[in-house]
Every structure is written in C-alpha cells, then in structure tokens.
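> Below is a structure I'd like to ask you about.
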Amino acid sequence: MTDATKENLAIILVPGSFSPPHFYAKVSRQLVIDGFSNVRECQLLSAAPLLDQRHPPAKIEDDALYIREVIQAYLEKGKDVIVVMNSYAGLPGTEAIKGLPSRSTLTPSPADGASRNGGVVGMIYLSSFLPFPGDTLRSLMSDSLFEPLKSGTPGGYMILPNESGPGIFNDLYAAGKEAEAKYQFEQMITHSSDSFDGKVTNDIWSKENAFQGQVVYIIGECDVVVPPTLAEGMISKVAETVENKVKVVRVQDGGHVMHVSKPDEVVAVVEGVVADLQKASAT
C-alpha cells in the first residue's frame, strides 16, 4: 500500500448512539501510526453529554447532514472516503451519502495537474444496520430493543439504564476486563429519542442507484444488541436486491462496541478494504 494511496484517503469513524467519538481512539491512533493521515472521529449531533444537550434534540436528518458535510469536505479536497459506522450510525451514515459520487476503485491521480475528484469508496457497518428506505432504528430492532429505548421519550433525551452495561460491553466482561467495561459504560452519554424514529430515504441497494464502493459488515458473534441473527437477516435482505454486495467479517468473541474492545480487528478490516480497492484499481 503506497503512501500516496493513504494520503488520498479519508477515513471517517462514526460512533453509535449514546457514544462519544473517542470510543474510536484506539482505532484512529493505529490508523495514523499505519500512515493514514486523514482520520476523523465524527460526533453524532443526536448524542450529547447530560450538561451539553441541544434543544430541540437532533434528529436523524441532523446527524446525516453533519456526516455528509464532513464527507463532502474531504471529497472537495480530492480525497476518497471510507465511512465506518457503529450501530445506529448506519442509518444516518447511509442517508449521508445520498447523491454523492461513489466508486469501486480508488480515484486515479489526474494528469497535467488537474484537480482530483474524490468519491465514497467504502462503507463499513460495524455491528450496525443496513437500512432500506422507510427503515428506522426502532422498526429494524423491533422487539429486540429494550425499554426505555423501545418506547422512548418523544422530544427528549434517553439515558441508558445501568443494567444495560454488561450487555453492551459483554465481550470485555467475558475477557475478565470488568473494570474497563464499567469505565467505558460511564463514558456513554444521552441520546435523542426522536432520532430512533427517523426514516432513511436513501436506497443504496437499488439496481438503479446502487452504491458502487465496497460494503463490509462486521458481525460480533457475541453481540447481544445487534445479534448475529438480526445482522444476517439484514444482509440476506440486501442480497435479495443486489447479490454479493456485502462482504461479511465475523469476530468470534466480538460484542457490540468492537472499536473499543477489539480495535485491532476493526483496523484490519479498514486496511483490508483499502488493499482491495488498491488491487481493483490496478486491474
């Protein structure tokens, strides 16, 4: 992988609901060490610390617009973009790329000093959601969503109950890292209830408007928030529309927040996508 390839790529890391962007700290740090200089941990507007909430709370449209602005800023600089989305972020992340250029290869360097036009080349769904138009987080999770998140607080913010921590960070508990799991849960923040009812309008799976870049789904085999059965159902639905579009990576002992608990595995997937794109560009 050449230095030029890394310089011409931007990797945008979007956390899940209730999550601060620094949950990606280990992932972003390793990517920078490995030579990727354009790495951005992107804050969700719908997630906010208790004492820094915006009113009215942000909706999915606000999250999508902000993520889109971050993507566009890199595209305008001629960078190709890979978006990594955990959990809820798969919905606004999918909506954010509506109408943006996408490519199955890296953008070639232009001749004669012409400007370089970037494109979205990768979408990595990390224990996330593969939405179709009309989908919301609550509709996709249905009875898998626990209270008080299932009913929500219309027009307000939700707070995770303490008893949800062992489920969210169950792989850390299983690895004997209970203190770290408790610490990470304490870092989680409030989240806009209305964002869970926001509908996606972008259909990146349709034959007419199919996303041209690489799509990877990372399944945590021990995830109890988006369990493998739910993830596999979404992947199968995509396959009914466009075959062989979603590459699946399974992490045997992975939970729901693998960018915290399994950062090396997440970095390996990101760098694997880059390597595949570079290989496709050379053919």
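> Considering only residues that are surrounded by fewer than 23 Cβ atoms within 10 Å (Cβ to Cβ) and touching a residue at least 24 places away in the same chain (Cβ under 8 Å), which ones fall in segment 196-210?
Answer for segment 196-210, where residues must be surrounded by fewer than 23 Cβ atoms within 10 Å (Cβ to Cβ) and touching a residue at least 24 places away in the same chain (Cβ under 8 Å): D197, K199, T201, N202, D203, W205, S206, K207, A210.
> Give the number of residues within segment 48-69 that are surrounded by 19 or more Cβ atoms within 10 Å (Cβ to Cβ) and of a type in the set (A, V, I, L, M).
Total satisfying the criteria: 5.
> Restricting to segment 132-146, what's the tally of residues that are in contact (Cβ under 8 Å) with a residue 12 or more places away in the chain and either in contact with a strand residue (DSSP E or B) (Cβ under 8 Å, 6 or more places away or on another chain) or closer than 20 Å to A96 by Cα (or both)?
The total comes to 8.
> Taking K59 as the residue in question, decide whether it is basic (K, R), under 16 Å from G198 (Cα atoms) and touching an Asp or Glu at 6+ places or on another chain (Cβ under 8 Å). So that I can check it myself, show each step before the final result.
Details: basic (K, R): yes; under 16 Å from G198 (Cα atoms): yes; touching an Asp or Glu at 6+ places or on another chain (Cβ under 8 Å): yes.
In short, yes.
> Filter segment 1-36 for residues that are of a type in the set (G, A, S) and either modelled with pLDDT of 95 or more or in contact with a Pro (Cβ under 6 Å, 6 or more places away or on another chain) (or both) and give the result. It would help to see each step written out before you state the result.
First, pick out the residues of segment 1-36 that are of a type in the set (G, A, S): 4, 10, 16-17, 19, 25, 28, 35.
Selection gives A10, G16, S17, S19, A25, S28, G35.
> In segment 23-59, what count of residues is obtained for those that are within 14 Å of the chain's Cα centre (by Cα) and over 16 Å from L160 (Cβ atoms)?
Taking segment 23-59 first, the residues within 14 Å of the chain's Cα centre (by Cα) are 23-24, 27-28, 39-44.
Among the residues that remain, those that are also over 16 Å from L160 (Cβ atoms) are: 24, 27-28, 39-43.
Here the count works out to 8.
> Assuming S193 fulfils every condition listed in (1) more than 28 Å from L31 (Cα to Cα); (2) touching a residue at least 60 places away in the same chain (Cβ under 8 Å); (3) surrounded by fewer than 14 Cβ atoms within 10 Å (Cβ to Cβ) apart from one, which condition is it?
The one condition S193 does not meet is (3).
> Mind listing whichever residues of segment 9-27 are buried (at least 20 other Cβ atoms within 10 Å of the Cβ) and not in a strand (DSSP E or B)?
Within segment 9-27, P15, G16, S17, F18, S19, F23, Y24, V27 meet the criteria.
> Which number in (1) farther than 29 Å from S142 by Cα; (2) within 16 Å of the chain's Cα centre (by Cα) marks the one condition that V248 misses?
(1)
Per-residue answers, yes or no, for (1) buried (at least 18 other Cβ atoms within 10 Å of the Cβ); (2) at pLDDT 95 or above:
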{"site": "A111", "(1), (2)": "no, no"}
{"site": "V121", "(1), (2)": "yes, yes"}
{"site": "I124", "(1), (2)": "yes, yes"}
{"site": "L140", "(1), (2)": "yes, yes"}
{"site": "K150", "(1), (2)": "no, no"}
{"site": "G167", "(1), (2)": "no, yes"}
{"site": "A179", "(1), (2)": "no, yes"}
{"site": "Y183", "(1), (2)": "no, yes"}
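> Further, regarding this structure: Is it true that Y74 is touching a helix residue (DSSP H, G or I) at 6+ places or on another chain (Cβ under 6 Å), touching a residue at least 60 places away in the same chain (Cβ under 8 Å) and among the aromatic types (F, W, Y)?
Judged against the criteria, Y74 is not a match.
> Which of the following residues is touching a Phe, Trp or Tyr at 6+ places or on another chain (Cβ under 7 Å), among the aliphatic types (A, V, I, L, M), in contact (Cβ under 8 Å) with a residue 24 or more places away in the chain and within 20 Å of P15 (Cα to Cα): V225, V248, V269, V273?
V248
> If you go through segment 51-63 one residue at a time, do you hit one that is assigned to a strand (DSSP E or B), in contact (Cβ under 8 Å) with a residue 40 or more places away in the chain and among the β-branched types (V, I, T)?
No, there is no match, as no residue in segment 51-63 is assigned to a strand (DSSP E or B), in contact (Cβ under 8 Å) with a residue 40 or more places away in the chain and among the β-branched types (V, I, T).
> Within segment 236-283, which residues are basic (K, R) and buried (at least 21 other Cβ atoms within 10 Å of the Cβ)?
If the condition is that a residue be basic (K, R) and buried (at least 21 other Cβ atoms within 10 Å of the Cβ), then K262 is the only one that fits.
> Could you please find all residues in segment 86-109 being of a type outside the set (V, I, T), within 24 Å of N8 (Cβ to Cβ) and surrounded by fewer than 24 Cβ atoms within 10 Å (Cβ to Cβ)?
Within segment 86-109, K98, G99, L100, P101, S102, R103, S104, L106, P108, S109 qualify.
The values are calculated or read from the model by the stated rules, or taken from the named source; none is laboratory data. This is a predicted model, so every value here is computed, not measured. As a convention, Cβ positions derive from the backbone with ideal geometry for all residues, glycine included, and neighbour counts pool all protein chains shown.
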